[in-house]
Amino acid sequence: MPGTPTVVALWPVLLPVIIGGTLAILGGALSPLLSHFLTGRRARAERRIQQFEAMVSAVYEHGEWLEMHNRSFVFGEAIEPGPSPMNKVHSIAIIHFPELVAPVLRMSILGLEYQQWMAGAGKARVVGNVPGMSEGFKKAHTGWIKAQGDFLDVAAKYASDRKGAV
């Protein structure tokens, strides 16, 4: 049979069809997987950035909380400062940024020392020892401010070392 193509003669025609079909099937199967992987990766990176921003914001909120606490304890103003934002800072650091736990703990400890001074100053006010209220203020307040500044410096370096991709 002169007009019947042989198997060897069909390969030049079939090979591009087989390769094209295989690539189409692989592309159709792998494209959603790759897209899902890249989208998830981007979402995780955005979530870390949001958590980092929330942690730094909570540090500033804690400073404001301490000042409200100061006004309440030391001066007797009727202010309810609510729960400390330091709990939020701790939890975010522990879960997402273990490298920052040590400066967070230092800041927390010095914040507690400042609160301890506040309690003593409030007690002095209540018993009428108004001149003794300010004793130890500078040390307690300066310690807290320095610890907050040190944490913010470490956090800024952490972010800049990673070019913002915390």
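FYI, it's all coordinate maths here, none of it is from the lab. This is a predicted model, so every value here is computed, not measured. When we count neighbours, we look across all protein chains shown, and the Cβ atoms used for this are built from the backbone with ideal geometry, even at glycine.
Lysine pairs in the chain whose alpha-carbon atoms fall under 22 angstrom of each other, counting only those eight or more residues apart or on distinct chains, come to 6. What you get for the chain, charging only the Cβ of Lys and Arg (+1) and of Asp and Glu (-1), is a dipole of about 280 debye around the Cα centre.
Distance from the C-alpha centroid of the stretch 109-166 to that of the stretch 34-74: 20 Å, rounded to the whole angstrom. The mean sequence distance of close C-alpha pairs (under 8 Å, at least 6 residues apart), as a share of the length of the stretch 23-105, puts its relative contact order at 25 percent. Using +1 at the C-beta of Lys and Arg and -1 at the C-beta of Asp and Glu, which of Asn87, Pro32, Trp65 has the Cα lying farthest in the positive direction of the dipole of the stretch 23-98? So the residue furthest toward the plus end is Pro32. Residue order for Phe137, Phe75, fewest other beta carbons within 10 angstrom first, comes to Phe75, Phe137.
Computed on the Cα atoms alone, the convex hull of the chain gives a volume of 126 cubic angstrom per residue.
Ranked for footprinting exposure by Cβ neighbours inside 10 Å, fewest first, Lys138, Lys88, Lys163 give Lys163, Lys138, Lys88. Spin-label model, Ile95/Val17: points 7 Å from Cα along the beta carbon direction are separated by 5.7 nm. Sequentially through the stretch 102-113, phi angles give Karplus couplings (6.51, -1.76, 1.60; θ = phi - 60°) of 4, x, 5, 5, 4, 5, 5, 4, 5, x, 5, 5 Hz, Gly and Pro residues having no value and appearing as x. Note on Ala78 and Leu152: with the Förster distance fixed at 25 Å, the Cβ-Cβ geometry gives a FRET efficiency of about 0.20.
Here the residues Tyr114, Tyr158, Tyr60, ranked from fewest to most Cβ neighbours within 10 Å of their Cβ, fall in the order Tyr60, Tyr158, Tyr114. Computed on the chain, with alpha-carbon pairs under 8 angstrom and 6+ residues apart, the relative contact order is 21 percent. Which part of the stretch 55-72 falls in the paramagnetic zone of Thr142, meaning amide N under 20 Å from the point 7 Å along Cα-to-beta-carbon? Inside the label zone: 67.
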